[in-house]
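Below you'll find the structure, written out as structure tokens, and then a few comments.
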Amino acid sequence: MNNILNKAESKIISILSLLLICVLNTSAQDNESEIQNIKSQADTLLTQSGSSVDAFSINKDFTKKVYKENFKLVPSKVNIYDLPYSTKGNYPNYRRLALNTGVLYGAGILALGVLHALPEDATSWNKDEIMDTPPFKRWWRNVKKGPVIDKDNAIFNYVLHPYGGAAYYMSARSLGFNLYYSFLYSAGISTFFWEYGIEAFMEIPSIQDLIITPIAGTIIGESFYILKRHIVSNEYRLFGSRFLGYAVAYLIDPVNEVVGIFAGNPNKKKKSDISLAYLPWINTTRNQTTLGFTLSLNF
């Protein structure tokens, strides 16, 4: 039975690896085709202009320098959702990423407490044996023994871990990091923060989790990023519903959406126009005349 499970898991890991390679190759080809299209358009314009542009030469080094300065001088001011879709454009906001990482650390400790409260059948943890060993001694013992193929529930290995990897990925992707750096961030968080960090206090690091979490997380995460671009471009509406748009945004990018409540969300349009309307009125009847006004404040 174990051999069958191991073969199935090996096939899943192989398929996910192939999918990731396909995603990376496709993105590279797309960016190359974009460059070729831009070049062909420029050549067409020059041909149509004829001799009128012969006396005008473009300093390519100067324009390239200006381009880099505009987009990389203050990367934290760049909102990736305001830019065209790209897998290679990189405008990292390191300060906000540090905040996200701190939030992930706190959420990880909370998640560990929830897992500890679950029945042993769900986590495959022997709680009595675990609690008999001091925490840091237990952590060092587990780190030295790992990684191993775990026997966790399939829900954890093939649903929750890929979703967690996608959440890690989106935590960086929504802050301007490109596909490659977001993948590295997801791999780093899942490896050092979770498998060899918090979870190592409870169990030996898992081979499946080390591979599946970042690879499946990147594939799912990029799909989440494309979906969120659609939601943001429609002012947080999905199928015409703002409630559904917000619900899905929190589901596919939980870290940035929660942090955005307190630290600000650049994707939400600020209502800067505040209007105050004053309308006096007179109501006259046979017996009396009433004066009043209506005050309307819109913000």
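The values are calculated or read from the model by the stated rules, or taken from the named source; none is laboratory data. Computed from a predicted model, the values in this text were never measured in an experiment. Glycine also receives a Cβ, built like all others from the backbone with ideal geometry; neighbour counts cover every protein chain displayed.
Residue count for segment 202-230 under the criterion of being over 27 Å from K77 (Cβ atoms), part of a helix (DSSP H, G or I) and over 13 Å from the mean Cα position of the chain (by Cα): the result is 9. Taking segment 59-78 only, how many residues are surrounded by 10 or more Cβ atoms within 10 Å (Cβ to Cβ) and either of a type in the set (A, V, I, L, M) or modelled with pLDDT of 90 or more (or both)? Count: 3. Being touching a Ser or Thr at 6+ places or on another chain (Cβ under 9 Å), closer than 27 Å to S233 by Cα, modelled with pLDDT under 70 and not in a loop (DSSP other than H, G, I, E, B) is a description that applies to E34. May I ask you to list the residues in segment 178-189 that are out of contact with any Leu (no Cβ under 7 Å at 6 or more places or on another chain) and crowded, with 20+ Cβ neighbours inside 10 Å? Within segment 178-189, L179, S182, F183, Y185, S186, A187 qualify. Could you please let me know if R95 is in contact with a helix residue (DSSP H, G or I) (Cβ under 7 Å, 6 or more places away or on another chain), under 24 Å from A187 (Cβ atoms), assigned to a helix (DSSP H, G or I) and basic (K, R)? Judged against the criteria, R95 is a match.
Within segment 144-181, the residues that satisfy the criterion of being within 30 Å of S233 (Cα to Cα) and part of a loop (DSSP other than H, G, I, E, B) are S174, L175, G176, F177, N178. The set of residues in segment 231-246 being part of a helix (DSSP H, G or I) and without any contact (Cβ under 8 Å) to a residue 12 or more places away in the chain consists of R242, F243, L244, Y246.
Kindly evaluate Y225 against the criterion of being surrounded by fewer than 20 Cβ atoms within 10 Å (Cβ to Cβ) and free of Cβ contacts under 8 Å to residues at least 60 places away in the same chain. Spelling it out, it is not the case that Y225 is surrounded by fewer than 20 Cβ atoms within 10 Å (Cβ to Cβ) and free of Cβ contacts under 8 Å to residues at least 60 places away in the same chain. Selection within segment 230-251: residues that are among the aromatic types (F, W, Y) and closer than 17 Å to Y81 by Cβ. The member of this set that is surrounded by the most Cβ atoms within 10 Å (Cβ to Cβ) is Y236.
Suppose we keep only residues that are under 20 Å from the mean Cα position of the chain (by Cα) and free of Cβ contacts under 8 Å to residues at least 60 places away in the same chain within segment 149-172. Which one would you say is surrounded by the most Cβ atoms within 10 Å (Cβ to Cβ)? By that ranking, first place goes to Y169.
When each of E199, E195 is tested for being crowded, with 23+ Cβ neighbours inside 10 Å, over 18 Å from the mean Cα position of the chain (by Cα) and part of a helix (DSSP H, G or I), the lone residue that passes is E195.
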